[in-house]
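> One structure follows; several queries about it will come next.
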Amino acid sequence: MKVLKFGGTSVANAKNISQVKNIVASNGDTKIVVVVSALGGITDLLLTTANLASDQNKEYRTYLKEIEERHMQTIKELIPVQSQSKVLSKVKSELNILETLLEGAFLIGEITPKLSDKIVSFGELLSSYIISEYFASEKLDVGYQDSRELIKTNDNHGKAAVNFEMTNANCLAYFKDTPHTITVCAGFIASSVNGNSTTLGRGGSDFTAAIMAGALNAEVLEIWTDVSGMYTANPKIVKQAMAIPHISYEEAMELSHFGAKVLYPPTIQPVLSKGISIVIKNTFEPEAAGTLITKNQNEKGKTVRGISHVESIALLSLEGPGMVGIPGISKRFFEVLSNAGISVVLITQASSEHSICVGIASSDAKKAVAIVNEAFEYEISLGKIKPVILEEDLAIIALVGDNMKSHQGLSGKMFSTLGKNNVNIRVIAQGASERNISAVISKGDVKKALNALHEEFFEENIKQLNLFVMGVGNVGAKFLNQIQQQKKYLKEYLKLNIRVIGISNSRTMAFDENGISLKNWESVLAEGEKADSNKFFETINSLNYRNSIFVDNTASPAVSDSYTTYLRNSISVVTCNKIACSSDYNKYLELKQMARKYNSPFLFETNVGAGLPIIDTLKNLIASGDKVKKIQAVLSGSLNFVFNNFNDQTTFHDVVLQAQKEGYTEPDPKIDLSGIDVMRKILILARESGYQLDIEDIENQSFLPEESLATTNNDDFFASLVKHEASFQKIFKEASKKDCKLKYVAQFENGKASVGLQHIPKGHDFYNLEGSDNIVLFFTERYPNQPMIIKGAGAGAEVTASGIFADIIRIGNF
Ligand code: ADP
Ligand code: ASP
Ligand code: MG
């Protein structure tokens, strides 16, 4: 004998039910009991309908209609026309009874738990009847049995307690004589000893199946659902979660108790004592192995088996000087809660006994506060105990595993992982069995915490980086291409999994939590919503992923103004935009401090020398105790390109235009030509060397005519270059007369910085700089005479993109 249970999604519609039939039929001649849930969503609908009716809201009729239509539609699609009318009329007459009950509730304006159970039981009654009739029409050898005649409970409506003695006897007696291979029964519903319909608690169809499996000593209990087993974490929240192949009863119970909804917690009990295995399988992927639940066979195996969480938790704390050393306070506290039917999910008590704190369901919070305050009214009036303190919007996350007890350091790892991700822990509890460690955190942090813990304990150290990219022009587009090309390599060799979740340009923005397809991000973005930088941030912040990185590929001052908001919310910032680091010194300092405080790296390697590792090298020199004495550098790829190509055969205008077209200049080329860009770069290098400097402190003798400097748009700027061609030719001739090349040099020495065009003679380190190359000479205490030299391509979209990429990888290895 086998017991198979099919959940709500598995029987949600005709198509799914026919899949259920295939699974059932594949059991051949083995005797089976098929326990079914209500059609997916119907239980919720019934409860809503009942509540509306009892509120005397006529809207309940619309819901009732929907319930009727769902069932009628399913019957019409499943059952051949010739046998349809019998089923339709039986279901219709049941629905009429339901309607009468609801009408009653509407008229009285009240619903008792007893009536609620009666109403809600229609979900499983109808689904089981329809499914058995469908099986019969498919020529399966099937019988139908009303579960209410088998499962007997007390009359605690909503979550009735089973009388196992009566129930087991009923099941044995019934199935001893059943002639059918397959028997279909309703899950969830039962009846009290005096014959009223009862229910076993939400999700209780699993329990029905387990009760029957236990009573009949079944060879196996199969739970067929919409996921391929019990996962290492809720697969809806942790995309990387995996089905656990084999797990112990105790681990499964603990996981389900702490929120793994795939199994209703009481389900284990009836099968555990008999040693009946449970298999969790996916109705929509029957070939997947699923999860096998048996007694513990993992003596030396994995420590952490799964991570669960329960949302909607509230904490109740009772504290006060009067609690110390006085026996019986805790007992009274728990008694009050238990008498009110409030179950305590988690308990902690400080060793001083000064306070005791329990986690309960949010829905019980108000009631709990009232009854506890009432119970301790006398002590509160004497000031011995404070009125109970309530904290809401919390959640519990729990690490579960039988073998956790024999391993040290797991809780340390758990808490440091949460800490690194700025998840604040309110309360910690460890079960006496040491099979679980739980922490109470803010509800808003659940997704981040689960993913971070999952990464730490299950993903072979693969780190997930979540990118939000603003600006997809020259640099941004190249950057996205590079990620696409390297994704596989990074995962395999650097154990980094990069996912671009959001992108935006100035017109539109798009998000995809599963990662935007980098093959066609252009069309995804084009179809996105209207760009809005505040909303961009809000979305990232509310997604609340760990390792979130905001990538700024723009040159926009407004975007750079938003960095503090990102960093403050633990979102790292990687930018090629120089504005933030070269603005007011205090602003620069604030960003650096924030990055440290909130554990969110702020990296801007591409601010100087595009992809060249200039800032990173400087940081390493300083971190290892070196001191910068002098910096000499050619830092403008754009000016280099311009002066390497400009001669008496070309015009200055044409060369600048070419530089702009090839992506060697800022969108506004005047920023490069005026020397501002170089000033910003030397400023950043000086600051990174530990000097406090502002842009006004830098000397700049610009070679541009006043008129060009005064222009306010690109067209006027280019026109002025044409007009002043003669002055540019003069600059060229003066240098070539001395056999010198023109280089725009930045210098920092004795705390002073300057930039300007210089004549560079043959033999100088700067003379042979090609194309858009950059060069930096660091003279330090360790490199006093022969400087450390970094040289290479210092401009261009491709190398800038690769510099941003390198920053992302730095964060990955952080
Ligand atoms: P059914 O209707 O088949 O009883 P449920 O909705 O009750 O199905 O349970 C299955 C759901 O449980 C999954 O779709 C998943 O969202 C949720 N779930 C939560 N935690 C886990 C977990 N650790 N493993 C698998 N599923 C989980
Ligand atoms: N239909 C019931 C519910 O939704 C029982 C179940 O599906 O397990 O809670
Ligand atoms: Mg369920």
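> Out of Ser137, Ser121, Ser132, Ser191, report the one residue that is in the same structural domain as Thr48 (by TED's automatic domain parsing), farther than 28 Å from Leu78 by Cα and away from ligand 3 (no atom under 16 Å from the Cβ).
After applying the criteria, what remains is Ser191.
> Check Ile151, Ile97, Ile79 and return the single one that is within 42 Å of the chain's Cα centre (by Cα) and modelled with pLDDT of 95 or more. Steps first, please.
Details: Ile97 fails: within 42 Å of the chain's Cα centre (by Cα); Ile79 fails: within 42 Å of the chain's Cα centre (by Cα).
Of the residues listed, the single one that is within 42 Å of the chain's Cα centre (by Cα) and modelled with pLDDT of 95 or more is Ile151.
> Another question, then. How many residues does the stretch 645-687 contain that are within 39 Å of the chain's Cα centre (by Cα), part of a helix (DSSP H, G or I) and surrounded by fewer than 21 Cβ atoms within 10 Å (Cβ to Cβ)?
Within the stretch 645-687, residues that are within 39 Å of the chain's Cα centre (by Cα), part of a helix (DSSP H, G or I) and surrounded by fewer than 21 Cβ atoms within 10 Å (Cβ to Cβ) number 1.
> Right, another one. Are there strands (runs of 3 or more DSSP E) fully within the stretch 282-400 with at least 2 residues that are touching a helix residue (DSSP H, G or I) at 6+ places or on another chain (Cβ under 7 Å) and of a type in the set (S, T, N, Q)? List them.
306-319
> Sort out which residues of the stretch 513-548 are at pLDDT 95 or above and among the charged types (D, E, K, R), and write them in order of number.
Across the stretch 513-548, the qualifying residues are Glu522, Glu527, Glu529, Lys530, Asp532, Lys535, Glu538.
> For the stretch 328-338, state whether one or more residues are without any contact (Cβ under 8 Å) to a residue 40 or more places away in the chain, at negative phi, of a type in the set (S, T, N, Q) and crowded, with 16+ Cβ neighbours inside 10 Å.
The answer is yes; a qualifying residue exists.
> Tell me, please, whether a residue that is in contact (Cβ under 8 Å) with a residue 60 or more places away in the chain and not acidic (Asp, Glu) can be found in the stretch 504-516.
Among the residues of the stretch 504-516, at least one is in contact (Cβ under 8 Å) with a residue 60 or more places away in the chain and not acidic (Asp, Glu), which makes the answer yes.
> Would it be correct to say that Gly8 is part of a loop (DSSP other than H, G, I, E, B), away from ligand 3 (no atom under 16 Å from the Cβ) and in the same structural domain as Ile111 (by TED's automatic domain parsing)?
Working: part of a loop (DSSP other than H, G, I, E, B): yes; away from ligand 3 (no atom under 16 Å from the Cβ): no; in the same structural domain as Ile111 (by TED's automatic domain parsing): yes.
Spelling it out, it is not the case that Gly8 is part of a loop (DSSP other than H, G, I, E, B), away from ligand 3 (no atom under 16 Å from the Cβ) and in the same structural domain as Ile111 (by TED's automatic domain parsing).
> Now, a different point. If I filter the stretch 12-41 down to residues being among the aliphatic types (A, V, I, L, M) and within 12 Å of ligand 3 (Cβ to nearest atom), which single residue comes out as nearest to Ser127 (Cα to Cα)?
Only one residue tops the list, namely Ala38.
> Run down Glu124, Glu103 and say which single residue is within 14 Å of ligand 2 (Cβ to nearest atom), of a type outside the set (A, V, I, L, M, F, W, C) and assigned to a helix (DSSP H, G or I).
The conditions single out Glu124.
> Name the residue, out of Ser504, Ser406, Ser411, Ser416, that is closer than 30 Å to Ala558 by Cα and out of contact with any Leu (no Cβ under 6 Å at 6 or more places or on another chain).
Ser504
> For the stretch 468-489, does any single residue satisfy the condition of being in contact with a Lys or Arg (Cβ under 8 Å, 6 or more places away or on another chain) and crowded, with 16+ Cβ neighbours inside 10 Å? Break it down into steps so the answer makes sense when it comes.
Narrowing the stretch 468-489 to residues in contact with a Lys or Arg (Cβ under 8 Å, 6 or more places away or on another chain): 484.
After this cut, where a residue has to be crowded, with 16+ Cβ neighbours inside 10 Å as well, the list is none.
No, the conditions are met nowhere in the stretch 468-489.
> Given Lys535, Lys478, which one is part of a helix (DSSP H, G or I), under 23 Å from the mean Cα position of the chain (by Cα), in contact (Cβ under 8 Å) with a residue 12 or more places away in the chain and assigned by TED's automatic domain parsing to the domain that holds Ser600?
Of Lys535, Lys478, the one residue that is part of a helix (DSSP H, G or I), under 23 Å from the mean Cα position of the chain (by Cα), in contact (Cβ under 8 Å) with a residue 12 or more places away in the chain and assigned by TED's automatic domain parsing to the domain that holds Ser600 is Lys535.
> What are the pairs with Cβ atoms under 9 angstrom where one residue, in the stretch 79-92, is outside any helix (DSSP H, G or I) and the other, located anywhere, is acidic (Asp, Glu) and surrounded by 13 or more Cβ atoms within 10 Å (Cβ to Cβ)? Sequence gap at least six, or different chains.
Listed pairs, sorted by first residue: Ile79/Glu133.
> Within the stretch 212-227, track down each residue that is surrounded by fewer than 21 Cβ atoms within 10 Å (Cβ to Cβ), part of a loop (DSSP other than H, G, I, E, B) and more than 7 Å from ligand 1 (Cβ to nearest atom).
Asn217, Glu219
> A further question follows. Can you go through Ala53, Ala38 and tell me which one is in a helix (DSSP H, G or I) and small (Gly, Ala, Ser)?
On the way: Ala38 fails: in a helix (DSSP H, G or I).
The conditions single out Ala53.
> Among the residues of the stretch 172-188, what is the count of those that are within 16 Å of ligand 2 (Cβ to nearest atom) and touching a strand residue (DSSP E or B) at 6+ places or on another chain (Cβ under 6 Å)?
The qualifying residues number 4.
> Something else about it: Mind listing whichever residues of the stretch 690-725 are among the β-branched types (Val, Ile, Thr) and either in contact with an Asp or Glu (Cβ under 6 Å, 6 or more places away or on another chain) or exposed (fewer than 14 other Cβ atoms within 10 Å of the Cβ) (or both)?
If we filter the stretch 690-725 for residues that are among the β-branched types (Val, Ile, Thr), which is where we start, we get 695, 698, 711-712, 722.
Thr712, Val722, listed by residue number.
> Next question, about the same structure. Answer yes or no: is there a residue in the stretch 493-510 that is in a helix (DSSP H, G or I) and touching a Phe, Trp or Tyr at 6+ places or on another chain (Cβ under 8 Å). Talk me through it step by step, then tell me what you get.
First, the residues of the stretch 493-510 that are in a helix (DSSP H, G or I): 493.
Next, only the ones that are touching a Phe, Trp or Tyr at 6+ places or on another chain (Cβ under 8 Å) stay: none.
No, the stretch 493-510 has no match at all.
> Still on this structure, I have one more. In the stretch 186-211, how many are away from ligand 1 (no atom under 13 Å from the Cβ) and either part of a helix (DSSP H, G or I) or of a type in the set (Val, Ile, Thr) (or both)?
Residues meeting the conditions: 5.
> Of the residues that make up the stretch 33-49, is at least one assigned by TED's automatic domain parsing to the domain that holds Ser137 and away from ligand 2 (no atom under 16 Å from the Cβ)? Even if it seems obvious, please write down each step before you answer.
First, the residues of the stretch 33-49 that are assigned by TED's automatic domain parsing to the domain that holds Ser137: 33-49.
With away from ligand 2 (no atom under 16 Å from the Cβ) added as a condition, the list becomes none.
Among the residues of the stretch 33-49, not one is assigned by TED's automatic domain parsing to the domain that holds Ser137 and away from ligand 2 (no atom under 16 Å from the Cβ), which makes the answer no.
> Still on this structure: If I filter the stretch 103-159 down to residues being touching a residue at least 60 places away in the same chain (Cβ under 8 Å) and among the acidic types (Asp, Glu), which single residue comes out as farthest from Ile189 (Cα to Cα)?
The qualifying residue farthest from Ile189 (Cα to Cα) is Glu138.
> Further question: Name the single residue that is nearest to Gly123 (Cα to Cα) among those in the stretch 133-178 being of a type in the set (Gly, Ala, Ser) and assigned to a helix (DSSP H, G or I).
So, considering only residues that are of a type in the set (Gly, Ala, Ser) and assigned to a helix (DSSP H, G or I), the one nearest to Gly123 (Cα to Cα) is Ser147.
> Condition first: more than 15 Å from Thr267 (Cα to Cα) and more than 16 Å from ligand 2 (Cβ to nearest atom). Now tell me which residues in the stretch 192-215 satisfy that.
The answer is Ser192, Val193, Asn194, Gly195, Asn196.
> So, one more: Tell me the residue from Thr62, Thr43 that is among the hydroxyl-bearing types (Ser, Thr, Tyr) and surrounded by 17 or more Cβ atoms within 10 Å (Cβ to Cβ), please.
Exactly one residue qualifies, and that residue is Thr43.
> Taking the options Ala260, Ala243, name whichever one is within 29 Å of the chain's Cα centre (by Cα) and modelled with pLDDT under 95.
Just a single option satisfies the conditions, and that option is Ala260.
> Something else now. Within the stretch 231-280, take every residue that is among the hydroxyl-bearing types (Ser, Thr, Tyr) and not in a loop (DSSP other than H, G, I, E, B) and give me the one that is farthest from ligand 3 (Cβ to nearest atom).
The selected residue is Ser248.
> Go through Gln747, Gln758 for me and flag whichever is surrounded by 15 or more Cβ atoms within 10 Å (Cβ to Cβ), more than 26 Å from Leu589 (Cα to Cα) and not acidic (Asp, Glu).
Gln758 is the lone residue from the list that is surrounded by 15 or more Cβ atoms within 10 Å (Cβ to Cβ), more than 26 Å from Leu589 (Cα to Cα) and not acidic (Asp, Glu).
> Would you call Glu103 closer than 23 Å to Ile75 by Cα and in the same structural domain as Ala190 (by TED's automatic domain parsing)?
Taking the combined requirement at face value, the residue does not satisfy it.
The values are calculated or read from the model by the stated rules, or taken from the named source; none is laboratory data. In this text the structure is predicted, and so the values were computed from the model without any measurement. For neighbour counting, all protein chains shown are included, and Cβ atoms are generated from backbone atoms with ideal geometry for every residue, glycine included.
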